[in-house]
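*Asks:* Sharing a structure here in C-alpha cells format.
The values are calculated or read from the model by the stated rules, or taken from the named source; none is laboratory data. Bear in mind that the values here come from a model prediction, so they are computed numbers and not experimental data. Here the Cβ is made from the backbone with ideal geometry for all residues, glycine too, and neighbour counts use every protein chain on show.
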Amino acid sequence: MRLNLTLRATALAAALTGSGAAADSLQYISKCESVVPSFDNCIYEGYFRTSFHVFPILADHGCEGSRGILNMDRFCVDFGMRRVEFTWKGQERRCMIMSEKLYITCPLKAPNDASDPWISCTSYKYDEVPCAWERYRD
C-alpha cells in the first residue's frame, strides 16, 4: 500500500512538471533604497533550487548565460512579465512564473548600522510551469 502511494505521488509530480524532470524553483529578494523599486535603486539576490542543490544567483533582468549554475546553458529573467525560462544542458527549455510576492522586513545594509537601512524589501517566488510563451529574446 505504501509503495503504491509513493508511485502515485511520483507519477503526479512528473505529470505536473511535464516531464520526468524534477520541478525547480527560484526565490529572490529585492532590497531597495526607495519606496518605489526600480532597477537603479535595488539589488536582487536570488536562490535557484533544484532537487539536489541550492544555487545563489544574481537575479538581474534579462539573459545572463548560465549565471554560474553548473550545467545550465541559459537562464533568463523577465521581471515585467513575471516569468523565468532556463535550459539545462541536454534538456528542452523550461519555464517558471511568479507564484508569490511578499513584502518583508528589510535587513540592515551593514551589521549593527541602523543609520542607512534598506527602505523597501520584497520576496518573490517562481515555480515551474509548462512553457506557454515564445522563447525570450535578449
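*Asks:* Could you please give the count of residues in region 25-49 that are over 20 Å from residue 80 (Cβ atoms) and at pLDDT below 90?
*Replies:* The number of residues fulfilling the criteria is 1.
*Asks:* May I pose another question? For region 67-86, how many residues are on the phi < 0 side of the Ramachandran plot and either touching a His at 6+ places or on another chain (Cβ under 8 Å) or surrounded by fewer than 17 Cβ atoms within 10 Å (Cβ to Cβ) (or both)?
*Replies:* Within region 67-86, residues that are on the phi < 0 side of the Ramachandran plot and either touching a His at 6+ places or on another chain (Cβ under 8 Å) or surrounded by fewer than 17 Cβ atoms within 10 Å (Cβ to Cβ) (or both) number 7.
*Asks:* So is residue 29 assigned to a strand (DSSP E or B) and not polar (S, T, N, Q) or not?
*Replies:* Yes: the conditions hold for residue 29.
*Asks:* Which condition number does residue 118 fail, the rest of (1) in contact (Cβ under 8 Å) with a residue 60 or more places away in the chain; (2) under 17 Å from residue 27 (Cα atoms) being met?
*Replies:* (2)
*Asks:* Name the residue, out of 45, 92, 134, that is part of a loop (DSSP other than H, G, I, E, B), among the acidic types (Asp, Glu) and over 17 Å from residue 24 (Cβ atoms).
*Replies:* 134
*Asks:* Same structure again: Between a residue in region 62-78 that is in contact (Cβ under 8 Å) with a residue 60 or more places away in the chain and any residue that is surrounded by fewer than 16 Cβ atoms within 10 Å (Cβ to Cβ) and in a strand (DSSP E or B), which pairs come within a Cβ distance under 9 Å, given they are 6 or more apart or on different chains?
*Replies:* 62/78; 76/62
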